[in-house]
Amino acid sequence: MALLQIAEPGQSAAPHQKKLAIGIDLGTTHSLVATVRSGQSETLLDSHGRAILPSVVGYQTEQVLTGYDALANSEQDPANTIVSVKRFMGRSLADVKARAQSFPYNFTTTDNGLVAFNTPRGKVNAIEVSAELLSQLKQRAQSALSGDIDGAVITVPAYFDDAQRQATKDAAELAGLNVLRLINEPTAAALAYGLDSGDEGVIVVYDLGGGTFDVSVLRLQKGIFEVLATGGDSVLGGDDFDQLLVADFIRGAGLTTAQLSSSDVRHLANVARQTKEQLSDAASVVAELMLSTGKYQIDVSRQHFESLIDSLVRKTLRASKRALKDAGINLDEILQVVMVGGSTRVPKVRADVAELFGKQPLTTIDPDQVVALGAAIQADVLVGNKSADDMLLLDVIPLSLGLETMGGLVEKVIPRNSTIPIAKAQEFTTFKDGQTAMMIHVLQGERELVDDCRSLARFTLTDIPPLAAGAAHIRVTFQVDADGLLSVSAMEKSTGVSASIDVKPSYGLSEDEITHMIKSSITHAEQDMGARMLAEQRVEADRVLEALIVALAADGDKLLSCSEREALEAGMLELKQIADGDDDKAIEQAIEQVNQLSEQFAARRMDLSIRTALAGHKVDEV
Amino acid sequence: MNNYFQLFGLTEQFSLDQAALMQTYRDLQKSVHPDHYANQGQQAQRLAVQKSAQINDAYQTLKSPLLRAQYMLLLVGVELKGEQQTLRDPMFLMQQMEWREELDDLKRSQDIDKLEAFSDAISAERAALNSNIASAFDAGEHRQDVQTWANEVRKLSFMDKLLTEIAQAEDALDY
């Protein structure tokens, strides 16, 4: 049978061969990578035995520094040492300027207004800076696991909007990672805790990191992690605690911001962070400031620090209450409260959270590592090492998606806390005779006015058949996938013509710009563009073939006629031969060909699995 | 093309066992969720996302009494979602205005106890309406007298909205 020719021994990976999958926590202040080894999730260490990679990238004429090396150099070269880059993901320069904080960078923008930095190595944007960190973690994983990484799960704050998620995925693509899934940080933490404890019930994850705050309410039952609601603030974290201390230092030293150099600003931020950390154990700390204007000593008591951060902590408590309400959960129904993120080490944060929920929060897993550990568990499942039957994550979209209507108002299409993936169709009609194009503006947020929501994208529908006003009905489908990313498709109903969509992301990069970034990054990535495209197509070809071989063995006889099966196997054989060659475009075409040949089969399999699920269920009930 | 009831292996009726519905939902998601197809190529991913989204939509619809009632009307050819037509029931319209005025007064007075009492009263009215709809839809009356029952479902929709607004007013007083 043709099948045997395709699955030559040792050629295509046997289904049980373990694949290398990693989970990455790309954090505001630090990042980690973890993997599952012998059934245990563990973080991977660098050559100095450290788990943490500070999320700092330094651009020098000769080289790019990352992590501790970049951090060590941050006060000497603040303008070219990018810290907390996560806070710039998917954000425009105008967004950054709107924040009160002052930065030491030479800001510039990309063509469509995203934040970028002028450095000795040219203009770099936040996606490129993040990709440096991801590359570093990828290399660490490759050497620790002695092999190429098959896939990665990257975590994002639950409260990240579409632009921020897309930017994270773009960064991973730029770093040459196969992204299995973006998952939400609190959900990853729940995974690490839930699987560890085997508890069942409602848990709340309170995640206060360096730059973001998330709260998620989940129900754990029989291996299903169902997020009921999520809330948060994508610009509230430990960095903001530090900034409050910096302002306090400046006041205490009798200085003004105008008197400080950019090295001073960076130095103050570093001292503030140390002071905050020391105040977790000490009742008071003397901060030593070495500024260009002189040396200063400032006494800070824990009590004073707590009064500074009080309003920020209260903001997180309000968001927590709202998430509970959205989830329809009362305080007494909560089984556990899990603490995640370095900022939950601040005693006031722990105390206030304990008071709100009426129970001591769990901190048994290191709050810096728990997200990466959970991501690795999910990566292990997604890559196929562990059966997905034992575990399933059902997450939600954090912010409502809507459309601009008359008068600058927003009409909600997908409400927040809807389980993803989700698809909603909306119908539009033309208002002029012969109208062939239409503008659609997609927004994300909870407010009623366009100006108060975040613009995601503007779509122009073209090629609408010219009909009388109101006669053309265009059905636009908004789909949010399991990564929480939006895509849009459109069709004119009466003629069945699919209208073309031209997407202009408001705060993102186009496909072309991303390809350009990948091309220009080649100089310090060891491989060239052609080799990379070829490698990617080969991996996809392997994935498709391997999945089909397994599928055919399981359901081929049941679901395909002899001739259908022969046609499909012939296509697979051809793909296999082409994939051994060097032409990435030809491989891409052959994959597309096999996809067409197997489309019916895939759909029938999906229906079969639904029928099986229902049948199994009925047996249970009887 | 399966309707949502068929997709969940249910007979088409209003009353349904919520616990069993949730269990079926979970079993279905376990079999079609894109996480099961993460390493099987882009085509499988695409299909899984579509199926999984359909099951999510079906579950949300079947779970909520209002959405379920609207959906059952849709199956007999009446689309209520996003309609412009308003309710033609003078009695209910009067009642509606009185309730709105009462809510406005309570918001101004900031009396949380009275607001809660009002919320309880409306919830009770809503429960009564819901139970009428349930027995009528289960008996198939919505097929015979579509307009009457479409009107009752419009009322249910109004009351759900009112309850949301009351909850928001309570929230505003909480802080």
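The values are calculated or read from the model by the stated rules, or taken from the named source; none is laboratory data. Everything quoted here is computed from the prediction, not taken from an experiment. Backbone-built Cβ (ideal geometry, glycine too); neighbour counts: all protein chains shown. In case anyone asks, the SASA skips ligands and DNA or RNA and just uses the protein heavy atoms, side chains included. Shrake-Rupley method; radii C 1.70, N 1.55, O 1.52, S 1.80 Å.
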Antiparallel content of DSSP bridges confined to chain A, in %, to 5 = 80
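Could you give the dipole magnitude of chain B about its Cα centre, charging the beta-carbon of Lys and Arg +1 and that of Asp and Glu -1, in debye to the nearest 20?
Charge dipole of chain B: 960 debye, to the nearest 20.
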Expected vector for region A:289-302, Karplus 3J(HN,Hα) from phi with 6.51, -1.76, 1.60 and θ = phi - 60°, integer Hz, x for Gly and Pro, equals 10, 10, 10, 5, 8, x, 9, 9, 10, 10, 7, 10, 8, 4
Under 5 Å between amide H atoms, partner at least 5 residues away or on a different chain: which partners does residue A:108 have, H built in plane at 1.01 Å?
-> A:116, A:117, A:118
Considering only protein heavy atoms, what per residue accessible area in square angstrom results for region A:352-418 with a 1.4 angstrom probe?
-> 36
To the nearest 0.05, how large is the calculated FRET efficiency for residue A:17 and residue A:322 if R₀ is 35 Å and r is the Cβ-Cβ distance?
-> 0.15
Taking Cα atoms only, helix A:370-382 is inclined relative to the longest principal axis of chain A by an angle, in degrees rounded to 10, of 10
Cα-based Rg of region B:1-120 per 2.2 N^0.38 Å, rounded to two decimals?
-> 1.53
Averaged over A:314-326, number of beta-carbon atoms from partner chains that fall within 10 Å = 1
Enter the angle in degrees (range 0 to 90, nearest 10) between the Cα long axis of helix A:511-520 and the first principal axis of the Cα atoms of chain A, meaning the one along which they spread out most.
-> 70
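Taking R0 as 35 Å, what FRET efficiency do you get between residue A:533 and residue A:270 from their Cβ-Cβ distance, rounded to the nearest 0.05?
Rounded to the nearest 0.05, the efficiency is 0.25.
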Could you give the C-alpha radius of gyration of region B:54-143 expressed as a fraction of 2.2 N^0.38 Å, taking N as the number of residues it contains?
-> 1.35
Using a 1.4 Å probe on the protein chains only, how many percent of the accessible area of region A:102-199 belongs to carbon and sulfur?
-> 36
Rg(Cα)/(2.2 N^0.38 Å) for region A:76-124, N = residue count | 1.07
With a 1.4 Å probe and every protein chain kept in, tell me what percent of the accessible surface of chain B is carbon plus sulfur.
-> 48
Report the accessible surface area buried between chains B and A, summing both sides, using a 1.4 Å probe on protein heavy atoms only, in Å² rounded to the nearest 100.
-> 3900
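Is there a quick way to get the dipole size of the protein assembly as shown? I mean about its Cα centre, with the Cβ of Lys and Arg at +1 and of Asp and Glu at -1; what is the value in debye to the nearest 20?
500
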Can you run phi through the Karplus equation (6.51, -1.76, 1.60; θ = phi - 60°) for region A:35-42 and list ³J(HN,Hα) in whole Hz, with x for Gly and Pro?
-> 8, 9, 10, 6, x, 10, 7, 9
Describe numerically, in nm with one decimal, the distance between label points set 7 Å from Cα along Cα→Cβ at residue A:585 and at residue B:64.
-> 4.9
Long-range alpha-carbon pairs in region A:256-345, meaning those over 20 Å apart, account in percent for 54
Those residues of region A:585-618 whose amide nitrogen sits under 18 Å from the label point placed on residue B:2, 7 Å along Cα→Cβ | A:600-618
Peptide B:50-58 - average C-beta neighbours from other chains (10 Å radius) | 6
For the protein assembly as shown, taking Cα atoms only, what is the radius of gyration to one decimal and the Dmax to the nearest whole Å?
-> 28.1, 88
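Round to the nearest 0.05 the FRET efficiency obtained for residue A:494 and residue A:431 when R0 = 25 Å and r is the Cβ-Cβ distance.
0.95
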Net charge (Lys, Arg +1; Asp, Glu -1) of residues whose beta-carbon lies under 11 Å from that of residue B:5, residue B:5 excluded, is 0
What percent antiparallel are the DSSP beta bridges of region A:94-207, to the nearest 5?
-> 60
In nm, spacing of pseudo-spin labels at residue A:148 and residue B:88 (7 Å Cα→C-beta vector) | 6.9
For residue A:224, net neighbour charge (Lys/Arg +1, Asp/Glu -1) across residues whose Cβ lies under 9 Å away | +3
Report Rg (one decimal) and Dmax (nearest whole number) for region A:162-239, counting Cα atoms only, units Å.
-> 14.1, 39
Hypothetical label at residue A:200: residues of region A:328-362 whose amide nitrogen lies under 16 Å (7 Å Cα-Cβ projection) | A:335-336
Virtual spin-label span in nm between residue A:280 and residue B:148, 7 Å along Cα→Cβ | 6.8
